[in-house]
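Coordinate-derived values only; no laboratory data. Source: prediction; values computed, not measured. Cβ placement follows ideal geometry from the backbone for every residue including glycine, while neighbour counts extend to all protein chains displayed.
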């Protein structure tokens, strides 16, 4: 939990530096706060992270993505926020090397993944989801969406460049955004054996131990239930 809060704190720092400390005037910050609440991050922690981000001596975090092949030819994307890229790339490379992987150049595996923005919103009574998707189609929102009946929420996917416009449309039309983020979705899944999956999962766990690492994505085919 502490590691999750640290990661969210970095996201808040970048959002505040880019758009200011007032959530009502900063769409990115509003989205991150929604994610923080979903992760049960205390209000005091959120407010402290915003205040710290306004300090002159705060680190200047940068978003860096590293990509390469892990064991058994599985493609791996590592999303980071770092104030020291030299340290971070060294940490990431050490894990790739330990698991006989190969860290590639930026963009080398882009063709294997689709970069998307993702919004989770609360279901409204009488909502026509198809109509909502049509309203957002000009922003590059996908036809595919997920409905979670148990949580009473809908998840939609769209063009990352349209993040702010999609968020604005949802908020202006009275939707409660309970989660918003960017993700990489594999378009070519790779089959692995249970033993291979175990070694890849161990590599992912090692990468996620670093505070600079925000998310790890792979094109490994999900395990069957």
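For the stretch 2-53, what's the relative contact order in percent, using C-alpha pairs closer than 8 Å and at least 6 residues apart? Could the numbers behind the result be given before it?
Working: 41 pairs, mean separation 22.2, N = 52.
For the stretch 2-53, the relative contact order is 43 percent.
Shape call for the stretch 1-72 from the C-alpha gyration tensor, a ≥ b ≥ c root eigenvalues: rounded (a/c under 1.5), prolate (a/b greater than b/c) or oblate?
On the way: a/c = 1.93, a/b = 1.50, b/c = 1.28.
Prolate, because a/c is 1.5 or more and a/b exceeds b/c.
How high is the FRET efficiency between residue 147 and residue 187 when r is their beta carbon distance and R₀ equals 25 Å, given to the nearest 0.05?
Values: r = 22 Å, r/R0 = 0.89.
Calculated transfer efficiency: 0.65.
Under the rule of -39500 (n - 2.57) per DSSP H run of 4 or more residues, summed and divided by the residues of the chain, what mean residue ellipticity at 222 nm is obtained, to the nearest 500 deg cm²/dmol? It would help to have the intermediate numbers written out before the result.
Working: 7 runs with 88 residues, N = 225.
Estimated from H runs of four or more residues: -12500 deg cm²/dmol.
Relative contact order of the stretch 112-186, please, whole-number percent, based on alpha carbon pairs below 8 angstrom and at least 6 residues apart.
On the way: 113 pairs, mean separation 39.8, N = 75.
After rounding, I find 53 percent.
Expressed as a whole number of Å, what is the distance separating the alpha-carbon centroids of the stretch 147-184 and the stretch 205-225?
When both Cα centres are located, 23 Å separates them.
Obtain the nm distance between the two label points defined at residue 100 and residue 208 by a simple spin-label model: each point lies 7 Å from its Cα along the Cα-to-C-beta direction.
Using points 7 Å along Cα→Cβ, the separation is 2.4 nm.
Could you work out the relative contact order of the chain? I mean the mean sequence separation of Cα pairs under 8 Å and 6+ apart, divided by the number of residues, in percent. Don't jump to the answer; show the numbers that get you there.
Details: 346 pairs, mean separation 56.1, N = 225.
Relative CO of the chain lands at 25 percent.
Running a GNM on the chain with Cα contacts under 10 Å, which residue among 111, 61, 157 ends up with the highest mean-square fluctuation?
In the Gaussian network model the winner is 111.
Rounded, prolate or oblate: which one fits the chain, using the alpha carbon gyration tensor with axes a ≥ b ≥ c (rounded when a/c is under 1.5, else prolate when a/b beats b/c, else oblate)? Each step should come with its number before you reach the end.
Values: a/c = 1.92, a/b = 1.21, b/c = 1.60.
Oblate, because a/c is 1.5 or more while a/b does not exceed b/c.
What fraction of the DSSP beta bridges in the chain is antiparallel, stated in percent and rounded to the nearest 5? Don't skip to the end; give the middle numbers.
Details: 34 of 35 bridges.
About 95 percent, rounded to the nearest 5.
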